[in-house]
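J.: Okay, here's the structure, questions in a sec.
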Amino acid sequence: MRELELQYEGKSKLIYATESSERVVIRFKDDATAFYNIKRAKIENKGKMCCDISSMILGYLNANGVSTHFVEQIDQTGQLCRVVEHMPLEVILRNVIAGSMAKRLGIEEGIVPENTIFDLCLRDDKLGDPLVNDHHVVALGLATYEEIAMIYDISARVNNLLVELFDKAGITLVDFKIEFGRAADGTLILADELTPDTCRLWDKSTGERMDKDRFRRDLGRVRETYQEVATRLSNVLK
Ligand code: UDP
């Protein structure tokens, strides 16, 4: 399908129209950003690595009964995706305490809670993506209570599938962020990416960080580590 005009440029991706009103092409850039764009860098080959990783993960979810916007990877950095009406919400799932939850609640990183933790955040850089609850989401007119219940249900299924996938790759899925959109028929489907930019991934044997924390915290070897995630996933999904 022919790629037409640029519709949107985000921090790490470009979205192009296509000949079909139901499809877009999403291109992954080499840019890495953190702390609301304060920290920025270009990482060679990042666009390709993230496109490969997200395509593998979303393809795996599609194959396991979770509807996503991903249709197919079309080349090294591009994906053909379904057009969705993006919900301005981030759903964060936490299997191990880390990052903002550790900081906000004064809990040590690495503690494993008995339950899976679901955070809802409003996607708004200017407000710092504030944490919201179900009632806020309904009051803001972003979703109904029924849709929120569906979001939790799909998110839990995604978590189960991804914990298993990463486990086979020797990686602990610490936490991750997903986003949802409404497809043309109104159904809720998973949109956006799943990459080491949006997940915390810890090597099961060494505890080494295999995600964007390498960039956020200046741990070095960002490119090598993203490549290692891509290689391990590709071996598991072969
Ligand atoms: N995350 C993301 N985009 C955001 C906020 C968080 O992809 O705008 C991911 C992040 O990479 C991590 C998880 O969601 O895997 C939990 O992030 P956290 O709330 O701990 O925030 P952080 O301290 O990473 O900013």
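The values are calculated or read from the model by the stated rules, or taken from the named source; none is laboratory data. Just so it is clear, the model here is predicted, and its values are computed rather than measured. For neighbour counting, all protein chains shown are included, and Cβ atoms are generated from backbone atoms with ideal geometry for every residue, glycine included. The protein model used for the area step is the full one, side chains on, heavy atoms only, and it has no ligands, DNA or RNA in it. Shrake-Rupley method; radii C 1.70, N 1.55, O 1.52, S 1.80 Å.
J.: Have a look at Val158, Val174, Val163 and point out the one that is within 16 Å of the ligand (Cβ to nearest atom), of a type outside the set (Asp, Glu) and touching a helix residue (DSSP H, G or I) at 6+ places or on another chain (Cβ under 8 Å).
T.: Val158
J.: Could you please find all residues in region 48-63 being within 19 Å of Gly181 (Cβ to Cβ) and either open to solvent by 50 Å² or more (accessible area, probe 1.4 Å) or more than 15 Å from the chain's Cα centre (by Cα) (or both)?
T.: Matches in region 48-63: Asn62 only.
Here is a yes/no grid of residues against (1) in contact with a helix residue (DSSP H, G or I) (Cβ under 7 Å, 6 or more places away or on another chain); (2) of a type in the set (Phe, Trp, Tyr); (3) at positive phi:
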| site | (1), (2), (3) |
| --- | --- |
| Leu190 | yes, no, no |
| Glu193 | yes, no, no |
| Gly207 | no, no, yes |
| Lys212 | no, no, no |
| Arg216 | no, no, no |
| Arg221 | yes, no, yes |
| Glu228 | no, no, no |
| Leu233 | yes, no, no |
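J.: Only residues in region 126-140 that are on the phi > 0 side of the Ramachandran plot and free of Cβ contacts under 8 Å to residues at least 60 places away in the same chain count as the first member; pair them with residues that are within 13 Å of the ligand (Cβ to nearest atom) and among the hydroxyl-bearing types (Ser, Thr, Tyr), Cβ under 9 angstrom, at least 6 apart or cross-chain, and list the lot.
T.: As it stands, the answer is Asp129/Tyr36, since those pairs meet every condition given.
J.: Tell me which residues, restricted to region 193-225, are within 27 Å of Glu147 (Cβ to Cβ) and without any contact (Cβ under 8 Å) to a residue 24 or more places away in the chain.
T.: Once the filter is applied, which keeps residues that are within 27 Å of Glu147 (Cβ to Cβ) and without any contact (Cβ under 8 Å) to a residue 24 or more places away in the chain, region 193-225 yields only Thr198.
J.: In addition: For region 145-175, name all the residues that are of a type outside the set (A, V, I, L, M, F, W, C) and open to solvent by 60 Å² or more (accessible area, probe 1.4 Å).
T.: Scanning region 145-175 gives Tyr145, Glu146, Tyr152, Asp153, Arg157, Asn160, Glu164, Asp167, Lys168.
J.: Would you point out the residue of region 198-216, among those that are open to solvent by 30 Å² or more (accessible area, probe 1.4 Å) and not basic (Lys, Arg), that is nearest to the ligand (Cβ to nearest atom)?
T.: Per the stated criteria, the residue is Trp202.
J.: Now for a separate question. Which residues, counting only those in region 118-129, are over 14 Å from Met87 (Cα atoms) and open to solvent by less than 40 Å² (accessible area, probe 1.4 Å)?
T.: Those that are over 14 Å from Met87 (Cα atoms) and open to solvent by less than 40 Å² (accessible area, probe 1.4 Å): Asp119, Gly128.
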